[in-house]
Amino acid sequence: MLRTAVRVRWRKRIWRCPEPACARRTWTEVQPYATPRAKLTARATSWAVDALRHDDTTVSAIARHLGVAWDTCWSAIKADAQTRIAEPDRLKGIKTIGVDEHIWRPSKITSTDKAVTVMVDLTRDEHGCLQARLLDAVQGRSGKVYADWLTEHGVDVKVTVEHAALDRFRGYANAIRDELPDAVAVLDAFHVVKLAGQALDEVRRRVQQQTLHRRGHKDDPLYKVRRTLLTGDEHLTDRQRERLGRTPRRLSVYCTQADMQDMLTHSAGREPPHRFRCPPQQHRRRRSRNMKHDREQQQTEHLHRPRARVS
């Protein structure tokens, strides 16, 4: 049956109660492999939801492999996902929680519903590895949205959370102060490095103005290395290192970046700065190829499973 779509037709039996006092009178048999009015089997639906959770895939790709329309696939996924979200143990044991906004509906027109607040579980496992887990996405971007979400989920979240990561938005900080008084609010890793880069760029511009009394031009030494100054030490090529080391002035400015990042992160008990940066391009390409190979293997093993049409 490899790469062959199988359609299962199930003629459901209708049961009738001969008791005149019965309020229901008739009912239809139910089987665990297919919910009422379902067009996909429970196994196919469970696989689709797991693929969205753990793989870099989309509903359109899953629907194409299952041989159904997008609406049919999404209806099954939505129902199963809502059941999983309602599980009471889903939010237990969270020690580190992160929050940030996401623009899911880009538009030039001002809109109140184009942003969502995203909550992520950043708790490390017993081996110290971070496996970020999406908890929820709520429409709106404000401190009240985050505070209402924390209040809605109650004690299960408030008692166990020890650290709360956020960006520079003051609304999220106010929500953490009011709803998570025992948690330590920390700036997330991305914004730590971003602040260090902004401070370094301001130093470069100030030195440019003090030495040449104008903005940078394409032939100015500091303007040529403006991107190189923001590159991590482990990502620098020999040519870039030579360019940075030509003058003591530029080398001292580069050392300022390392000092600032170390002061903001490593000395505060967080991870070293290099842990925050993206892997080199060749590593990202290799990881992308490995993920694609794993998805192809999973599709060969799990896709094209029998699907049921209930009639």
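The values are calculated or read from the model by the stated rules, or taken from the named source; none is laboratory data. Note that this is a predicted model, so its numbers are computed, not measured. Positions of Cβ are backbone-derived with ideal geometry, glycine not excepted, and every protein chain shown enters the neighbour counts.
Checking each residue in region 14-59 for being under 19 Å from the mean Cα position of the chain (by Cα) and small (Gly, Ala, Ser) picks out ALA48, ALA51. For region 53-96, residues that are touching a Ser or Thr at 6+ places or on another chain (Cβ under 8 Å) and aliphatic (A, V, I, L, M) total 5.
Restricting attention to region 54-65, does a residue exist that is hydrophobic (A, V, I, L, M, F, W, C) and modelled with pLDDT under 90? No, region 54-65 has no match at all.
Condition first: more than 27 Å from ARG177 (Cα to Cα) and of a type in the set (Lys, Arg). Can you find one or more residues in region 126-141 that meet it? Among the residues of region 126-141, not one is more than 27 Å from ARG177 (Cα to Cα) and of a type in the set (Lys, Arg), which makes the answer no.
Only residues that are part of a helix (DSSP H, G or I), in contact (Cβ under 8 Å) with a residue 40 or more places away in the chain, in contact with a Leu (Cβ under 9 Å, 6 or more places away or on another chain) and crowded, with 17+ Cβ neighbours inside 10 Å were counted across region 177-197, and they come to 3. The listed residues are ALA86, ALA76, and the only one of them that is buried (at least 18 other Cβ atoms within 10 Å of the Cβ) and either outside the structural domain of LEU135 (by TED's automatic domain parsing) or closer than 20 Å to GLN139 by Cα (or both) turns out to be ALA76. Give the residue that is modelled with the highest pLDDT, with candidates limited to residues of region 143-168 that are surrounded by fewer than 18 Cβ atoms within 10 Å (Cβ to Cβ) and hydrophobic (A, V, I, L, M, F, W, C). Across region 143-168, the extreme among qualifying residues is VAL159. Could you check region 65-80 and list, in sequence order, the residues that are out of contact with any Cys (no Cβ under 9 Å at 6 or more places or on another chain) and assigned to a helix (DSSP H, G or I)? Hits for region 65-80 are HIS65, TRP70, ASP71, THR72, CYS73, TRP74, SER75, ALA76, ILE77, LYS78, ALA79, ASP80. Residues that are of a type in the set (Ser, Thr, Tyr), out of contact with any Asp or Glu (no Cβ under 7 Å at 6 or more places or on another chain) and not in a strand (DSSP E or B) were ranked within region 1-55; the one that is surrounded by the most Cβ atoms within 10 Å (Cβ to Cβ) is THR41.
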